[in-house]
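Here's the structure, in structure tokens; my notes come after.
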Amino acid sequence: MKKKIIYAVIALCIIVGLIVFAFARKGDRQKAGEIFTVKKSNVTYSTEQTGIIKAQVGAIVKVGTRATGTLNRLKFQVGDRVTKGDLIVEIDDREILANLRNAEAAVDEQRRDLEAKKAQDVYNQTNYEREQRLLTKEYTTRDSVEKAKRELDVSRAQVELGKAKVREAEEKLKAVKVSHTYTKIYAPITGYISAVATQEGETVVSGLSAPNLITIIDPAKLEMWIYVDETDIGRVKPGLRIEYWVDAYRDKVYKGVVDRIYPQPELKENIVYYLAIVKINPEDALTLKPEMTSHVKIIIEEKKNVLVVPNGAVRFEDRKNVVYVRSAGKMTRQEVVPGVRDQRYTEIISGLSEGQEVIVPSAAPAAKKPQNTTAPRK
């Protein structure tokens, strides 16, 4: 019985020893790993967001008409390309042409009436002067002179009235001519027909608002709305470079610059976003389409030719950012001050020198991520 107890104690000690040895080996493996030589490189700090391709203001034009009548001709359909100034719609103008001829006749009538009134005015002027001469020789009466004067005043007023009527008739003629221009509709911009709301033979009726006939979109005028999370908006500002790609062209990376940031927030799924607007290059816009989803990387800050180590080399232990340095075959813990961090490297502001060797763990230890002590410049 005594021997069994001794054997049990020995076995227990062996098990405990094996457990301690295993944990010690595990700790050593965590501190062991690849060796990286501290070097100088470029580090780019960025934030990734989601965007949507949108048409710019003025890129989509809804073409309507202020004329009423039958649509005689519709030259283009959806998908057709139009150039600014192309005739795209013709509306029946017979009634307006009749009104135009009537207006021209009215102008001619008023001009002739004005000529008659001018002739009468000339006669009254001559008669008045003759009556004045006769009065000096006492061949007529003062009443005849006053009567001639009244007739002259009336004729002159009639001339002025005739001039006003001529101007009125001419303005009405101009209005009818303008109305006639509404029967022919020309493309206001260069682009593609994206929608057609009517067909040849249908009657269009203008009311308080012009009915929409055709929608034209300019594919070269696109912009991107980037939905920036409220936690990142403080770092984003106009002038920052961006890179983005769309699902339709995964191998192509587009570039741009943040143009402006809208102050009005957008609420989606209880998350607050702010819109950063990027004007899309016209050449890039030819391969993109409105409402496409884009995957955007906003470049917040770039550091060139600075000391770097792999991200996994920097660990947060005992409230300090540290790395493990190998020197003379030994590993020592070295406190560092990290800076900008990207997907591969972390900038080291102080604590290391170029050429030193640091340990990059092969397996991530159960330690916290490094804490930046310097924020990106705003």
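FYI, it's all coordinate maths here, none of it is from the lab. Keep in mind that this is a model prediction, so the values were computed, not measured. As a convention, Cβ positions derive from the backbone with ideal geometry for all residues, glycine included, and neighbour counts pool all protein chains shown.
Taking the C-alpha atoms only, the angle from helix 2-31 to the longest principal axis of the chain is near 40 degrees.
Can you tell me the orientation of helix 142-181 relative to the chain, as the angle in degrees between its alpha-carbon axis and the longest Cα principal axis, to the nearest 10? That works out to roughly 30 degrees. A straight chain from Thr37 to Leu286 at 0.36 nm per residue would run longer than the Cα-Cα distance by 85.0 nm. P(r) for the range 94-173, from all Cα pairs and a bin width of 5 Å, is 3, 17, 17, 14, 13, 9, 9, 7, 5, 4, 2, 1, 1, 0 %, short bins first. Comparing Val323, Val154, Val337 in a Gaussian network model of the chain (Cα springs below 10 Å), the most mobile by mean-square fluctuation is Val154. Kirkwood hydrodynamic radius computed over the range 190-273 comes to 17.3 Å, based on all pairs of distinct alpha carbons. In percent, rounded to a whole number, the relative contact order of the chain is 28, using alpha-carbon pairs under 8 Å and six or more apart. Take the chain and mark each of the GluC sites (Glu not before Pro) that is in a DSSP loop with at most 14 other Cβ atoms within 10 Å; the longest unmarked stretch, sites excluded, is 1-137. Convex hull of alpha carbon positions in the chain: directionally averaged projected area 41.9 nm². For the range 189-231, what is one quarter of the convex hull surface built on the Cα atoms, given in nm²? One quarter of the hull surface, i.e. the mean projection, equals 5.7 nm². In the chain, the longest principal axis of the Cα atoms and the axis of helix 94-136 are about 40 degrees apart. Taking every C-alpha pair closer than 8 Å and separated by at least 6 residues, the mean separation divided by the residue count of the range 94-173 gives a relative contact order of 50 percent.
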